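Quick notes on the structure that follows.
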Amino acid sequence: MSSILVYALHYDGAFNKNSLGAVSEGARLAGDLGGECHAVVVGDKAGLSDELCASLGRFGATKVFRVEGPEGLAQPVVDAMATIISDQGHSYALFGGGLLGFEIGAGLTARLDAGVCMEVTSVRVEDGKLVSERPILGDSSISDVHYRADVGVIISRLNAFEAKESGDAAAAVEDVQVEFAPHSLKAKMVTRGEQRGADVNIEDADILVAGGRGLGKAEGFEALEDLAGALGGAVAATRAVVDAGWYSYSAQIGQTGKTVAPKLYLAAGISGAIQHKVGMQGSENIVAINKDSNAPIFEFSDLGVVGDLNKIVPKLTEAVKARKGG
Amino acid sequence: MAVAPIEFPPPVDPAAEFISPPTDPEDERIEVGVAIVGGGQAGMACAIRLLQLLEDDPALAESLGEVPVAVIEKGRVAGAHQLSGAVMNPAAIRSLLPDDDSWPHYGEVGKETVYFMLNGRRAVPLKPTPPPFRNHGNYVVSVAELNRWLGERAEEAGAYVLSETVGAKLLVEDGAVLGVRTGDKGRDKEGGQKSNFEPGSDVVAKATVLAEGCWGHLTGAAIAGLGLAGTDPQVWALGVKEVWEVERPLDRVIHTLGWPLRPQAKYKEFGGSWIYPMNREGEKPRVSLGFVAGLDYADARFSVHDVLQEFKLHPLVRKILADGKRVAWGAKAIPEGGYWAMPRLHAPGMVICGDAGGMVNVPKLKGIHYAIRSGMLAAETIYRQLKAGSRDFSAYETAVHDSEIGKDLYESRNMKQPFAKGLIVGGAITNAMVITKGRIPGGHWAMHRDADQPLLVTKRDERYPKPDGKYTFDKLSGVFLTGNATRDDAPSHIRIQQRVPRELAEAWAWMCPAGVYEVPEDAPQNGRHVDLIVNPSNCVQCGAITAKGGRLTPPEGGDGPVYQIT
Amino acid sequence: MKICVLVKEVPDAAVEKRINPSTGRLDRSGEKNLNPFDTHAIEAAMQLKEGGAVQVDEVVAVTMGPESAVRALHKAVSLGADRSLHLTDAALAGSDVNGTGYALAKALESEAPDLVLLGQQSDDGECYTIGAVVADHLRMPSLTQVIKIDVEDGALRCERQAEYGYDTVLVELPAVISVGDAINEPRYPSLKAIMGAKKKPLETRGVGDVGIEPGRVGYDNARAHCAEFKAPAAKEPGKIIEDEDTNDTVAQIVSWLDERKLLA
């Protein structure tokens, strides 16, 4: 009977989507293993009310370990989780990806002499044990990873697990005193979570609207910016239009630009040649708008629209705004 | 009025731009004994031979300083820019390394067939096999693989192989070659300096070997600037190649002539295909296949890459590639001018080896063993002359012409030109030449530059198959397969006029196997000038554009393809 | 200050990688290169050395790998490292993230650096944040995804890039810092430096030389095992809409997006 300890990151009075997904997944797997899913939270007591912590029960955690400690830094959490796992005997530590998830998971691996798998996209139960799946070789292949240690560490891709409420139960909140290692206290947070609006990092965007030569001219990007705004996403570009000076290099996707895997990739006026494809083929949902029905992009898009993007894009923007607003 | 590419010459003056005296302060120049530009078969053979001779001559070795032999190679590694058929005559490599037979190959040639393809469905084997095609005793090799092996032997022998380094300028002072200047790194699109800009260096040497291969950047500059031109201008063919993993091993070496090339004289389509088995124990069987065509073809819509795709539709080829998987693609130009186009092979302080010196036997499709042999001869002359305190390497040229290289090339000196009269007449004439070892008809059949050929526009493109991504392919997926990671915020390394008549822009777009040139979608249809689109980051440095009206210069060192089994 | 830079040789990213059909493992026979992310780490070390805010006595490149890994060290040295350390031993082959981090930490212990720099991840996607593993073994503070480093009163003021924004963190030395590729533009090595690289001191050490327990490294002792490579689930063929009535087309697109909860 194995239990799972899940790290939950909170910020500004709420747990992020990523953490809720991780707790939900932890609960699902613990159920299959016949064990329990517990969560651990670290931070200022003031920001971690009983109510907030107990709310993780809705996502399947039966207990939440609350530790008072520095916020936003990984090593104190390693100390906390190592302490809890040694005391309580969890067999797995689960992280929903993201910067801290990776840092904590890696440090914990060292501390507990554990097995670790990173970039996990899926986990299953086999013979009473967890087996992680992760993509390799540019998402062209999936590898199974088996753990051969007392503790298995699972670090998923960001937002790989979906948050699922499984009931109304409140989790039990238990305060844990942790003695932090000297080195864990040698990093001090000065400013946390500063937003730098101007330069949106397209690699982090959930939704991308990308433009290619089919836009016809640099001004074509204005309509895409409107659409991206309506969808709540960012704008990206192909190498050809960046070369032509229509858009900035920081938005370039493809073999020599950035690789992205957003939830939605909407490609307007892009043919889908392989140099571009390799930069975005990992996207969850690919929508393509192109007037050439033979464009290669239609071979791998989930939804292909053959038509004039100059007609379609503005109307799509209006329709999206209407649906969201209404 | 038909347009010829030569009417729109590229904006470049190789002699003025790429030849200069050293500019670095003396104490910043890098001194080496012998600088070899190009780490291909000729360059590595030269390096190895030199180091063999120096091993037995410590006095001379010491006089050459800390770095007696340096090989300057623009590819990511030596071998990254290597592509050929190929069936190699082993005599030269065995002569170079008599105690080491471990050079990689795919077996000795056994069965061999030459087919004449009548059309897209039928092929007739030519019996007996025409003399140029008899490859008994030769070996199937991948030059990308072979070159890597030679590079390791050269490094073991003590050569400094400087990969990702371009020989950008020839250093010449008072008519003597002093070395080369390497290329800059870290320039931006406008040619300015990025934050990590690193200028090249003057590499001065007692002897400089130009072994740059088929489109020789510095060789071209040297020929123009030092007066080394041969009797005729050099002409080239373009070869586009694929390597396939197949289910059933191929049991013979195959060459084809005829379809899909058109026999009529007006098209000037000269070339053919090869299909070679690459069978090695413990490895999945593979096949190397490719199509070659002379770049003086007339049709603006002729595309060697697409002709290769069309060629694969022939049942003979389908049977061989059935259920297979393409694992490599690439392209490279081949010098076809033979004897009359060979430049003078030396200047004070410098020699020219291999393909850069036009040492390719066109009828026999052989050049690798000449490259190795010429590298060895260059090493031997340089060794003797440096020992005597001289930088006069004229004896090298004599040695090349006295060797099998000179004899073979002289014999076949007129064998391509008759094909300008069309396949049938040309074939008959060439046959006569082969049988009489070049004596009949003798004389000098002059050649014209590839770019002199006026273009005609047909609907040739309608015959090319639409790529299906599994058996036939578009150009860009091939470029991707080469591992080409040319920096795309770098300045364009292609010199070409950008405002040209439509048919010329089309000719370049179809010619280039990597899709570097494009005609804008909204360009006017008839004859008026269009603004050519150039995508330099696709370039696999095959060299075809240099033949047909533009000029390739080397981009940043390390750029370009990373061929592995071509 | 002594800076150690951890570097790794990885298969060339631009060249197609594949699984060797007979062994079922990653075909590592192709070309290898210095991990591009590590060049940013070396550049960061050089900028600290040249910056003058702190006295850097030497920059040491450290790698763990088979014989061919010396090429990564030569490259690191041509970019400015003063000397290099090659940790190599048959016992280390096939080590997982856990074993590798432990082995590197032991090698670093023998060097006693003030700062350890490394690239955020390796190009072969095998591992992210091995710096955090190493740091825990060394008992040093650690940060990853760092895109700016300034020296302030003998400590480091670091900016790091997270998915929720930018953090500024003050870190005491000695520390382990993993840098992101946005931190700098790595320099190109000069020809002189490339040619001089092989002459710089290169030490080779094995498992016994740095006190690595054999039971914690190597393929057989891996705490996590990769196996069973398979193709990802085939995607359902996409739907195609031919636009005739644009209002209708757009309505279909919006429905499609809504079904997939993309309009949240």
What fraction of the DSSP beta bridges in the protein assembly as shown is antiparallel, stated in percent and rounded to the nearest 5?
50
If you place +1 on the Cβ of every Lys and Arg, -1 on the Cβ of every Asp and Glu, and leave all else neutral, what size is the dipole of the stretch B:9-474 about its Cα centre, to the nearest 20 Debye?
2800
Rough spin-label spacing in nm, given labels placed 7 Å along Cα→Cβ, for B:Glu283 and A:Ala169
6.0
Taking the dipole of chain A about the Cα centre (Lys, Arg +1; Asp, Glu -1; charges at Cβ), the one of A:Leu5, A:Gly98, A:Leu266 that reaches farthest to the positive side is A:Leu266
Which percent of the Cα-Cα distances in the protein assembly as shown go past 46 Å?
38
What's the FRET efficiency of B:Arg94 with B:His448 using the Cβ-Cβ distance as r and R₀ = 41 Å, to the nearest 0.05?
0.60
Pair B:Asp402, A:Glu126: separation of 7 Å Cα→Cβ label points (nm):
7.1
Taking amide H positions as placed 1.01 Å from N in the peptide plane, with prolines and chain starts having none, which residues 5 or more places from B:Asp299, or on another chain, fall under 5 Å of its amide H?
B:Leu456
The stretch C:126-151-the stretch C:159-186 distance, computed between alpha-carbon centres (Å):
9
Note down the nm distance, to one decimal, between modelled labels 7 Å out along Cα→Cβ at A:Lys217 and at B:Ala16.
3.8
Sorted largest first, extent of chain C alpha carbons per principal axis (Å)
71, 50, 39
When chain A is treated as a Gaussian network with springs between alpha carbons less than 10 Å apart, the largest mean-square fluctuation among A:Ala268, A:Ala27, A:Ala14 is found at A:Ala14
Averaged over residues of A:140-152, the number of beta carbons from other chains lying within 10 Å of each residue's Cβ is 5
Subset of A:Lys17/C:Lys49; B:Lys185/C:Lys199; B:Lys185/B:Lys475; C:Lys235/C:Lys261; B:Lys364/B:Lys548; B:Lys111/B:Lys421 violating a 30 Å alpha-carbon distance limit:
A:Lys17/C:Lys49; B:Lys111/B:Lys421
Along the Cα-to-Cβ line of B:Gln264, 7 Å from the Cα, sits a label point; which residues in the stretch B:459-475 have backbone N less than 14 Å from it?
B:459-460
Residues with amide H under 5 Å of A:Gly193's amide H, sequence separation 5 or more or different chain, H placed in the peptide plane at 1.01 Å from N; which?
C:Tyr166, C:Asp167, C:Thr168
List the residues, sorted by chain then number, that are 5 or more residues from A:Ala210 or on another chain and whose placed amide H is less than 5 Å from its amide H.
A:Ala236, A:Leu266, A:Ala267, A:Ala268
Only Lys, Arg, Asp and Glu count, each charged at its Cβ (+1, +1, -1, -1), so figure out the dipole size of the stretch B:436-538 about its Cα centre, rounded to 20 debye.
600
Pick from C:Lys32, C:Lys49, C:Lys239: which residue has the top mean-square fluctuation in a GNM of chain C where Cα pairs under 10 Å get a spring?
C:Lys239
Among B:Gly79, B:Val235, B:Val351, whose Cα projects farthest towards the positive end of the dipole of the stretch B:9-474, with charges put on the beta-carbon of Lys, Arg (+1) and Asp, Glu (-1)?
B:Val235
A 32 angstrom limit on the alpha carbon distance is what I want to check against. Which of A:Lys217/C:Lys148; A:Lys311/B:Lys194; B:Lys169/B:Lys189; B:Lys332/C:Lys230 exceed it?
A:Lys217/C:Lys148; A:Lys311/B:Lys194; B:Lys332/C:Lys230
Apply 1/(1 + (r/R0)^6) to the Cβ-Cβ distance of C:Thr204 and B:Val434, taking R0 = 56 Å, and write down the FRET efficiency to the nearest 0.05.
0.45
Listed pairs A:Lys45/A:Lys321; C:Lys8/C:Lys192; B:Lys74/C:Lys200; B:Lys241/C:Lys8; B:Lys127/B:Lys416 exceeding 30 Å between Cα atoms:
A:Lys45/A:Lys321; B:Lys241/C:Lys8
For C:Glu111 and A:Lys188, FRET efficiency with R0 = 22 Å and r from the beta-carbon atoms, rounded to 0.05?
0.25
Distance from a point 7 Å along Cα→Cβ of B:Asp531 to each backbone N in the stretch A:206-222: keep the residues under 14 Å and list them by number.
A:216-219
Can you list the HN-Hα couplings for the stretch B:412-421, worked out from phi with the Karplus curve (6.51, -1.76, 1.60; θ = phi - 60°), rounded to whole Hz and with x for Gly and Pro?
9, 4, 10, 7, 8, 4, x, 5, 5, 8
The stretch B:518-566 to the stretch B:317-396: how many Å between their Cα centroids?
24
Using only Cα atoms, locate the centre of the stretch C:55-87 and the centre of the stretch B:491-507, then give the distance between them in Å, rounded to an integer.
45
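The numbers here are math on the coordinates, done by the rules we state, and not lab data. Since the structure is predicted, the reported quantities are computational estimates derived from the model, not experimental observations. For neighbour counting, all protein chains shown are included, and Cβ atoms are generated from backbone atoms with ideal geometry for every residue, glycine included.
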